[in-house]
Amino acid sequence: MEQMPARYLLPFILAAPLLQGVMDSRLLAFFHVLAAALLSLRLWRGKEAGLTLSAVCLLAVALFSALAVHLSPVRHAVYHEWLALAAGLCLFFLAKGQSVRDRAFTDAGIRAVSWAVAAVALYQAFILKSENVSSTLVNPNALAFFLLLAGPLAVARGDFVLTAVLALVFFLTGSLGALLALIAAAAFMAVIALRRSGDRRALVLLAVLAAAAALTLTQSDFISAANRFSWWRSAAAMFADSPVFGHGHSSFTWLYPLYGQPAAAEGAVYAHNHYLEFAAENGLPAALAWFSLLGMALAGSRRLARFGLLAALLHSALDFGLSLPANFWLFCVLAGRELPAAEKPFFRGDGRPAAVLAGLLAAAAAFSSLTPAAYEKETGTALARLREGADQAALQALRRASALPYGRGEAEETSGRLRYSLSRRSGSREDL
């Protein structure tokens, strides 16, 4: 099958990390449509489609996670989040089998965006004097996850200036979880080197890394650790409640109050553990397929690429880096291109039906962008009517917004607050 040139993946590599802080529903929809359209184009050009083990895993993740969303009690709120997952799966497939030239092109794009992200981080740290250096990502931990992926690539290219800058930014994030992941990944690589070469000098390195890990743990925030344990218990309870079908991708955000322990932990948007969260949201079949796919990517990866992917996956056991589209898409590109290029297909067939399905996914993603656009239009109308003092017109606009799946809860809550305020003002006991 014809490979997708690396230049087509540049929008996800360059734009996504820089836009993460300002992404809205319509901008995300553009990336969703683009990913599905590129997949359709590759399958159509290839004419033949080989069903390999990695392709089966990707298809299983997509189908079972889509089923989880369809059965989710909050599907109206998580459908758009599933499209971000689907876009990542498309990128995973598109990046597979990159040539040496395409790998270099991809690395050049990551190098460019790494400089941009680092520049913003340094501006925050030394010009704005910010206490939380997050650059263009959501928080310092999310930035640290990005650096775990980008740093090893800078080392592999021999770009020591960029490596030093990224190391400085990594230090400025103050992410202990990312530091522990980095140490654990280095220890894992040292163990592999010890088993292969028998060089006992690796034991000295392991002892140093163990001491560094112990020192890092002494600096940890035990309140944060207690919160994480509580969030993990909630995710485990979600999984136990629906182990096969899950609750829908990104549903932890909405369902945490049902499973959480508010007195014991802060509220959470994410479970801060990708493995528990993915299983709880998408179900066991999708989780097994996804984790198998990650294992194949690690097994076939080059040394420094393996180090970066492994560090990112270890960090994902403590935080939510893979829950952000920008980080998730970059991870999918880097992991996808490490899949074994010489996989033998179970059988070959006409790739055009698959291309049509991917095209339909692109069309569905494009159509789905109309819902948030209509929702934003109605909420904007409601706000304008409130400013004019036309309370009843504002309520009608909020009712129209509440009828749309996207953001229904927020519109209903705003409508309820407005009705309550009007009832208090009128003194009507019936309305109250």
Given springs between every Cα pair under 10 Å in a Gaussian network model of the chain, which of V161, V169, V56 has the largest fluctuation?
-> V161
For the chain, modelled as a GNM with alpha-carbon contacts under 10 angstrom, which of A366, A60, A390 fluctuates the most?
-> A390
Working from Cα positions, state the angle (0 to 90°, nearest 10) between the long axis of helix 408-426 and the longest principal axis of the chain.
-> 30
Can you tell me the dipole magnitude for the chain around its Cα centre, using point charges on the Cβ only (Lys, Arg +1; Asp, Glu -1), in Debye to the nearest 20?
-> 860
Could you tell me, in Å, what Rg and Dmax come out for the Cα atoms of region 1-125?
-> 16.5, 51
Per GNM of the chain with C-alpha springs under 10 angstrom, the most fluctuating residue out of L309, L153, L19 is L19
Given (1) -0.38, -0.77; (2) -0.33, -0.66; (3) -0.45, -0.86 as possible values of log10 I(q)/I(0) by the Debye sum over Cα atoms at q = 0.07, 0.10 Å⁻¹, the one from the coordinates is (1)
Rank L89, H76, A66 by how far each Cα sits towards the positive end of the charge dipole of region 46-104 (+1 on Lys, Arg Cβ; -1 on Asp, Glu Cβ) and give me just the farthest.
-> L89
Given Cα pairs under 8 Å that are at least 6 residues apart, what percent is the relative contact order of region 1-126?
-> 51
Starting from region 10-76, pick out the trypsin sites (Lys or Arg not before Pro) whose DSSP state is loop and whose Cβ has at most 14 other Cβ atoms within 10 Å.
-> K47
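Quick one: net charge of S72's neighbours, Cβ under 13 Å, K/R +1, D/E -1?
That works out to -2.
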When only Cα pairs under 8 Å and 6 or more residues apart are kept, what is the percent relative contact order across the chain?
-> 27
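Using just the Cα positions, wrap region 230-329 in a convex hull and report its mean projected area in square nanometres, one decimal place.
If I average the Cα hull's projected area over directions, I get 6.3 nm².
Values quoted throughout were computed directly from the atomic coordinates according to the rules given, and no laboratory measurement underlies them. If you're wondering where the values come from, they're calculated on a predicted model, not measured in any experiment. In this analysis, Cβ positions are derived from the backbone assuming ideal geometry, glycine residues included, and neighbour counts consider all displayed protein chains.
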